[in-house]
1. Would you call residue 210 under 22 Å from residue 235 (Cα atoms), among the hydrophobic types (A, V, I, L, M, F, W, C) and in contact with a Pro (Cβ under 8 Å, 6 or more places away or on another chain)?
2. Any chance the stretch 176-190 includes a residue that's farther than 28 Å from residue 123 by Cα, out of contact with any Asp or Glu (no Cβ under 7 Å at 6 or more places or on another chain) and without any contact (Cβ under 8 Å) to a residue 60 or more places away in the chain?
3. Looking only at the stretch 235-255, count how many residues are buried (at least 16 other Cβ atoms within 10 Å of the Cβ) and within 22 Å of residue 194 (Cβ to Cβ).
4. Residue 249: of a type in the set (A, V, I, L, M, F, W, C) and either touching an Asp or Glu at 6+ places or on another chain (Cβ under 9 Å) or farther than 29 Å from residue 125 by Cβ (or both), yes or no?
5. Taking the stretch 162-177 on its own, how many of its residues are more than 19 Å from residue 207 (Cα to Cα), of a type in the set (S, T, N, Q) and surrounded by fewer than 16 Cβ atoms within 10 Å (Cβ to Cβ)?
6. Tell me, which helices (runs of 4 or more DSSP H) lie completely within the stretch 74-117 with 3 or more residues that are at pLDDT 90 or above and within 24 Å of residue 167 (Cα to Cα)?
7. Among the residues of the stretch 175-193, count how many are over 23 Å from residue 142 (Cα atoms) and of a type in the set (A, V, I, L, M).
Amino acid sequence: MNATDYATSCSAAAAQAAAAAVVNNTAEQNMIAYQAHILAANAWTAAGGPQITINMESYAASQHLAVAETLANAALQAQIAALSTTQVANLATAEIVGLSAVSVGGLTSTQVAALTTVQMPLLSTTQFPAIASTAIPGFTTAQVVNLTTTQISVLTTIQVPAFTTAQVASLPTAQIGVLSTTQVPALTTAQAVSFTTTQLPALPLVDMPVITTSDLAAMSTAQLHSFTTSQDVLITTTQLAALSTAQAAALQTHQ
């Protein structure tokens, strides 16, 4: 084992010992973690890295804080998950705004569905991306329609595929208009074919070249015909090659 690998293994051992120290609250585990990090620091220096000095007290405090935060976050999510749908629906504006990203991430699909159309728009750009992908299908049509364009713009590529086809079909054109070049490729084929002919013309021009070939090839001729001329000319030759003759003919213009 070279010095770098040894340093890595020592760091892993230190992390395990630190976690055990928090759970067991033992000085012995703290010392094991501290010694492991000392070995890691020495191995790093031997590998050519800069000299590292570790203070026992500050090290123990930092390790306790990091692991304690992890345990606290897990406990917080469990507490949020225990709220009834009635309790969720009764959360005041200040309480919704004050929820941490960790708390929001603990909401279940049933709880998400209980959020009112007044509460939902209050979720910030920090909170909204934290909603678990497993909770996304819980959104009602009324909730989806009331999502802000800012909230749609911060959806992660893990959240996007979690939307149901009914939810996708209910998105207003204003929301379609803010889908990014990272979000559009994350769409599933089932979601792509669920777009209406009213929604597709609202898709941003920059998104046209990043529509996956499988998604584009799955679209109906009516969907393809609904694209505007400005959108048509941005379809790449690779995308065009994936279309059938009938689909290609449905486009208003071609490259």
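1. Spelling it out, residue 210 is indeed under 22 Å from residue 235 (Cα atoms), among the hydrophobic types (A, V, I, L, M, F, W, C) and in contact with a Pro (Cβ under 8 Å, 6 or more places away or on another chain).
2. Within the stretch 176-190, none of the residues are farther than 28 Å from residue 123 by Cα, out of contact with any Asp or Glu (no Cβ under 7 Å at 6 or more places or on another chain) and without any contact (Cβ under 8 Å) to a residue 60 or more places away in the chain.
3. The number of residues fulfilling the criteria is 7.
4. Yes; evaluated as a whole, the condition is true for this residue.
5. Selection size over the stretch 162-177: 1.
6. 85-89, 101-105, 109-114
7. 1
One line per residue, one yes/no per condition, for (1) under 30 Å from residue 89 (Cα atoms); (2) assigned by TED's automatic domain parsing to the domain that holds residue 98; (3) buried (at least 17 other Cβ atoms within 10 Å of the Cβ); (4) within 21 Å of the chain's Cα centre (by Cα):
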site: 153; (1), (2), (3), (4): yes, yes, no, yes
site: 156; (1), (2), (3), (4): yes, yes, no, yes
site: 195; (1), (2), (3), (4): no, no, yes, no
site: 206; (1), (2), (3), (4): no, no, no, no
site: 209; (1), (2), (3), (4): no, no, no, no
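The values are calculated or read from the model by the stated rules, or taken from the named source; none is laboratory data. For clarity, every value in this text was computed on a predicted model and none was experimentally measured. Please note: Cβ atoms are built from the backbone with ideal geometry, for glycine as well, and neighbour counts cover all protein chains shown.
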